[in-house]
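The values are calculated or read from the model by the stated rules, or taken from the named source; none is laboratory data. The structure presented is a predicted model; accordingly, all values stated were derived computationally and were not measured. Note that each Cβ is placed from the backbone with ideal geometry, even for glycine, and that neighbours are counted across all protein chains shown.
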Amino acid sequence: MVESTKSATLTIDGKSYDLPIYSPTAGPDVIDIRKLYAQSGMFTFDPGFTSTASCESDITFIDGAKGELLHRGYPIDQLAEKSHYLEVCYLLLYGELPTAPEMEDFESRVTNHTMVHEQMHNFFRGFRRDAHPMATLVGVVGAMSAFYHDSTDINDLMQREIASVRMIAKLPTIAAMAYKYSIGQPFVYPRNDLDYASNFLHMCFAVPAESYEVNPILARAMDRIFTLHADHEQNASTSTVRLAGSSGANPFACVAAGIACLWGPAHGGANQACLEMLQEIGTVDRIPEFIARAKDKNDPFRLMGFGHRVYKNFDPRATVMKKSADEVLELLGVENNPTLQVAKELERQALNDPYFTEKKLFPNVDFYSGIILEAMGFPTSMFTPIFALSRTVGWISQWKEMIGDSQLKIGRPRQLYTGATRRDYTDVETR
Ligand code: SDX
């Protein structure tokens with residue numbers, strides 16, 4: 001824990017309370033209110049956690065004003081350009097970029113855990129074919145705790161390590177199986193001769209009836225999408241994983257909870273919702289109609305893929321994703337993709353509209369990702385599962401950091417109660 005160098009004084013009804021202030025290596029100072037209730041009998045109130053730091057972490061830093069995202073200090077645009085997803089996984093898990101031998105060892109450990117227990121195939125058959133793949137992912141990942149008892153003891157450092165590698169290795173296999181099951185095709189086993197992204201594409205698009213060569217352009221684009229989604233500080237799903245982990249729940253159950261939270265359209269479900277919105281708009285001449293709806297307080301419609309709790313300038317991931325969308329669609333010969341044209345014109349019109357600029361609303365990571373994924377052949381229902389498999393390393397890294405904290409306490413927020421005060425039960429005859 002960083003040392004406090006100054007304090008804040010809170011005065012309530014003439015009584016003063018000194019609250020320590022900690023200064024981070026980057027970002028805002030924090031006021032430590034852990035003793036406030038014991039000293040003052042008062043809670044703080046911050047639904048949505050707009051002004052609350054829930055933990056100390058040294059994994060990912062976001063500067064919302066500058067549009068900066070650092071993973072262990074390295075800017076996301078440099079990692080997206082120069083690194084690759086498994087190297088970013090190593091960086092997030094262990095804190096430093098790997099040497100060549102360290103990378104080779106890590107890649108080998110992940111590669112040798114990509115298959116799932118054969119018995120797990122039966123879980124998929126319990127779902128309807130039209131089940132959303134996110135429902136399948138929540139169920140099957142949660143069920144992993146029933147198969148991997150040798151990596152559920154969170155107090156054993158080695159078991160924490162094995163569970164981490166298992167989840168990074170198996171989530172692509174499970175996500176691909178969920179996709180295959182939904183389209184009635186046989187599962188395709190992972191192949192150890194393929195890199196992480198190529199293996200995922202092969203498991204999704206290969207069929208036993210013919211050979212399938214992974215397009216290296218798509219593999220590079222897939223790997224970059226994985227990297228751009230790997231971790232993002234204390235977002236809703238990461239906070240869910242931390243809260244679940246604070247009770248001592250096993251890592252598979254914690255990640256299943258994170259997948260469930262990510263599914264929401266305000267969070268990871270936005271990439272699916274965004275592409276469906278762009279397809280509903282259909283042509284650029286209908287854009288003003290949807291912008292008007294997004295600005296209408298009486299209309300619940302929002303521009304999906306727009307806005308962010310933290311970024312108040314631009315989302316650096318969206319900048320990289322937009323460039324990748326242009327590259328991939330041009331290489332695939334679909335640069336005139338109507339959805340991409342609508343997205344670019346929608347962004348142009350929104351960023352020239354005071355409603356969005358004053359509220360600091362602009363494309364986030366989910367705005368362009370769906371366009372690339374659709375061009376790669378994925379149905380919209382697979383967009384959030386791909387976000388989930390990418391974010392698994394972030395969830396696991398944050399979970400490991402929390403579990404390794406000697407000051408770990410179970411998360412247990414309080415409330416502002418405005419319900420009925422004590423009253424006595426009345427028999428039904430007297431009501
Ligand atoms: C992700 O936290 C993370 O880091 C998440 C994430 C990650 O990597 O983990 O970055 C991934 O979840 C990205 C966000 C994906 N969600 C969407 O694209 C859904 C659409 N966006 C919104 O629902 C919204 O912008 C949020 C949820 C992203 C942020 O919500 P906030 O911070 O709670 O902001 P808010 O809802 O209080 O909105 C502030 C104002 C409101 O207007 P007023 O009430 O002040 O008049 O802006 C308006 C909102 O109505 N607004 C929008 C809008 N987003 C906010 N108006 C129209 N369209 C939008 N998209």
Note on region 212-232: residues in a loop (DSSP other than H, G, I, E, B) and either under 26 Å from Gln398 (Cα atoms) or in contact with a His (Cβ under 8 Å, 6 or more places away or on another chain) (or both) are Tyr212, Val214, His229, Ala230, Asp231, His232
The helices (runs of 4 or more DSSP H) lying wholly within region 335-431 that contain at least 2 residues that are more than 22 Å from the chain's Cα centre (by Cα), away from the ligand (no atom under 16 Å from the Cβ) and not charged (D, E, K, R) are 338-350
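From the list Ala206, Ala219, Ala197, pick out the single residue that is more than 12 Å from the ligand (Cβ to nearest atom), without any contact (Cβ under 8 Å) to a residue 24 or more places away in the chain and surrounded by 19 or more Cβ atoms within 10 Å (Cβ to Cβ).
Ala206
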Per the list (1) in contact with a strand residue (DSSP E or B) (Cβ under 8 Å, 6 or more places away or on another chain); (2) at pLDDT 95 or above, residue check on Ile396 breaks on (1)
For Val284, indicate whether it is without any contact (Cβ under 8 Å) to a residue 40 or more places away in the chain, among the β-branched types (Val, Ile, Thr) and either assigned by the TED database to the domain that holds Gly139 or closer than 30 Å to Tyr355 by Cα (or both).
no
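One line per residue, one yes/no per condition, for (1) within 8 Å of the ligand (Cβ to nearest atom); (2) surrounded by 23 or more Cβ atoms within 10 Å (Cβ to Cβ); (3) under 17 Å from Ile372 (Cα atoms); (4) not assigned by the TED database to the domain that holds Thr136:
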| residue | (1), (2), (3), (4) |
| --- | --- |
| Gly264 | no, no, no, yes |
| Ile291 | no, no, no, yes |
| Lys295 | yes, no, no, yes |
| Asn298 | no, no, no, yes |
| Gly305 | yes, yes, yes, yes |
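Being hydrophobic (A, V, I, L, M, F, W, C), in contact with a Leu (Cβ under 8 Å, 6 or more places away or on another chain) and closer than 18 Å to Phe205 by Cβ, is that true of even one residue in region 384-402? Don't jump to the end; show me each part of the working.
Going through region 384-402, the residues hydrophobic (A, V, I, L, M, F, W, C) turn out to be 386-389, 393, 395-396, 399, 402.
Add one more test, that the residue is in contact with a Leu (Cβ under 8 Å, 6 or more places away or on another chain), and what stays is 386-389, 393, 396, 402.
From what is left, the residues that are closer than 18 Å to Phe205 by Cβ are 386, 389.
Scanning region 384-402, I find at least one residue that is hydrophobic (A, V, I, L, M, F, W, C), in contact with a Leu (Cβ under 8 Å, 6 or more places away or on another chain) and closer than 18 Å to Phe205 by Cβ, so the answer is yes.
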Considering region 266-289, residues that are part of a helix (DSSP H, G or I) and of a type in the set (Val, Ile, Thr), and then whichever is farthest from the ligand (Cβ to nearest atom), we arrive at Val284
When restricted to Glu102, Glu96, Glu56, the only residue part of a helix (DSSP H, G or I), modelled with pLDDT of 95 or more and among the acidic types (Asp, Glu) is Glu102
Condition set more than 25 Å from Leu218 (Cα to Cα) and not small (Gly, Ala, Ser), scope region 307-334, selection nearest to the ligand (Cβ to nearest atom): answer is Arg309
Going through region 308-323 in order, the residues found to be crowded, with 20+ Cβ neighbours inside 10 Å and out of contact with any helix residue (DSSP H, G or I) (no Cβ under 8 Å at 6 or more places or on another chain) are His308, Tyr311
Pairs returned, first residue in region 344-360 that is in the same structural domain as Arg293 (by the TED database) and within 10 Å of Phe306 (Cβ to Cβ), second residue that is away from the ligand (no atom under 13 Å from the Cβ) and assigned to a helix (DSSP H, G or I), beta-carbon separation under 6 angstrom, 6 or more apart or interchain, are Leu346/Ile287
All conditions in (1) in contact with a Phe, Trp or Tyr (Cβ under 9 Å, 6 or more places away or on another chain); (2) under 29 Å from Phe147 (Cβ atoms); (3) in a helix (DSSP H, G or I); (4) not charged (D, E, K, R) are true of Cys261 except (1)
Check your understanding: Residues in region 234-244: is at least one in contact with a helix residue (DSSP H, G or I) (Cβ under 9 Å, 6 or more places away or on another chain), away from the ligand (no atom under 16 Å from the Cβ) and over 25 Å from Lys323 (Cβ atoms)?
Key -> yes
Residues in region 1-30 that are part of a strand (DSSP E or B), surrounded by 10 or more Cβ atoms within 10 Å (Cβ to Cβ) and β-branched (Val, Ile, Thr) total 4
Inside region 329-364, the number of residues satisfying the requirement of being at pLDDT 90 or above and farther than 21 Å from Gly282 by Cα is 8
Filtering region 118-143 down to residues that are under 20 Å from the mean Cα position of the chain (by Cα) and assigned to a helix (DSSP H, G or I) yields Pro133, Met134, Ala135, Thr136, Leu137, Val138, Gly139, Val140, Val141, Gly142
Fill in: Qualifying residue in region 148-156 (condition: modelled with pLDDT under 95, assigned to a helix (DSSP H, G or I) and of a type in the set (D, E, K, R))
yes
